[in-house]
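J.: Just passing along the structure, written as structure tokens.
The values are calculated or read from the model by the stated rules, or taken from the named source; none is laboratory data. Keep in mind that what you see is a predicted model, and the values were worked out from it rather than measured. When we count neighbours, we look across all protein chains shown, and the Cβ atoms used for this are built from the backbone with ideal geometry, even at glycine. Calculation scope for accessible area: heavy atoms of the full protein, side chains included, ligands and nucleic acids excluded. Shrake-Rupley method; radii C 1.70, N 1.55, O 1.52, S 1.80 Å.
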Amino acid sequence: MTHPTPRRTVLLVTGAAALAAGCGGGSGGDGSSGGASEGTPSAGASGGRELAKTSDIPVGGGKVFADRKVVVTQPAQGEFKAFSAICTHQGCTVATVAGGTINCPCHGSEFRITDGSVARGPASRPLPAERITVQGDSIERA
């Protein structure tokens with residue numbers, strides 16, 4: 001005789017599978033769409049902290065460096081900001097920057113590129129700021 005699977009077990013397994021699918025690796029974008037992209041650490045004077053060239057970050061947009069867990073934005077020409085790429089709702093990695101927001105694929109949270117504040121929930125806390133420096137055309141993690 002078989003026993004029916006409790007509803008709670010089905011929901012937990014289904015939810016875990018959906019979360020794993022949503023938080024899985026990003027598609028390595030070319031930066032033109034603001035999609036997830038792998039950072040390329042440079043050797044030399046910066047000690048491997050370089051995230052990007054200033055020309056890689058579109059004005060009014062940004063770029064996600066999933067491997068470094070950081071997103072860099074350029075809200076206005078020459079103004080660069082960086083935030084944690086980990087969504088404050090349930091810890092998924094944000095995936096895109098579009099339309100003035102940093103977007104989490106798991107539950108639809110959106111954060112403003114200007115200050116990381118919540119533009120749309122379910123997240124209720126902003127993305128924490130990350131320290132960066134801009135030297136010449138290089139953006140480095142501080």
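J.: Within segment 56-92, which residues are in contact with a Leu (Cβ under 7 Å, 6 or more places away or on another chain) and basic (Lys, Arg)? So that I can check it myself, show each step before the final result.
T.: First, the residues of segment 56-92 that are in contact with a Leu (Cβ under 7 Å, 6 or more places away or on another chain): 65, 68, 70, 72, 83-84, 88.
Once the filter is applied, which keeps residues that are in contact with a Leu (Cβ under 7 Å, 6 or more places away or on another chain) and basic (Lys, Arg), segment 56-92 yields only 68.
J.: Let me ask something else. Just checking, does segment 52-74 include any residue being part of a loop (DSSP other than H, G, I, E, B), buried (at least 17 other Cβ atoms within 10 Å of the Cβ) and modelled with pLDDT of 95 or more?
T.: Within segment 52-74, one or more residues are part of a loop (DSSP other than H, G, I, E, B), buried (at least 17 other Cβ atoms within 10 Å of the Cβ) and modelled with pLDDT of 95 or more.
J.: Being open to solvent by 10 Å² or more (accessible area, probe 1.4 Å), of a type outside the set (Phe, Trp, Tyr) and part of a strand (DSSP E or B) is the filter here; which residues of segment 75-96 pass it?
T.: Result: 75, 76, 79, 81, 84, 86, 93, 96.
J.: Considering only segment 97-142, state which residues are open to solvent by 50 Å² or more (accessible area, probe 1.4 Å), touching a residue at least 60 places away in the same chain (Cβ under 8 Å) and of a type in the set (Val, Ile, Thr).
T.: The one that is open to solvent by 50 Å² or more (accessible area, probe 1.4 Å), touching a residue at least 60 places away in the same chain (Cβ under 8 Å) and of a type in the set (Val, Ile, Thr): 134.
J.: Starting from residues that are acidic (Asp, Glu) and part of a strand (DSSP E or B), keep the ones in segment 97-142 and report whichever is nearest to residue 81 (Cα to Cα).
T.: Step by step, filter segment 97-142, then rank; the result is 140.
J.: Same structure, new question: In segment 107-142, which residues are over 24 Å from residue 55 (Cα atoms) and small (Gly, Ala, Ser)?
T.: Residues satisfying the conditions are 108, 109, 117, 119, 121, 123, 124.
J.: If you don't mind, there's one more thing I want to ask. Identify the single condition in (1) under 11 Å from the mean Cα position of the chain (by Cα); (2) at pLDDT below 95 that residue 97 does not satisfy, given that it satisfies every other one.
T.: (2) is the only condition that residue 97 fails.
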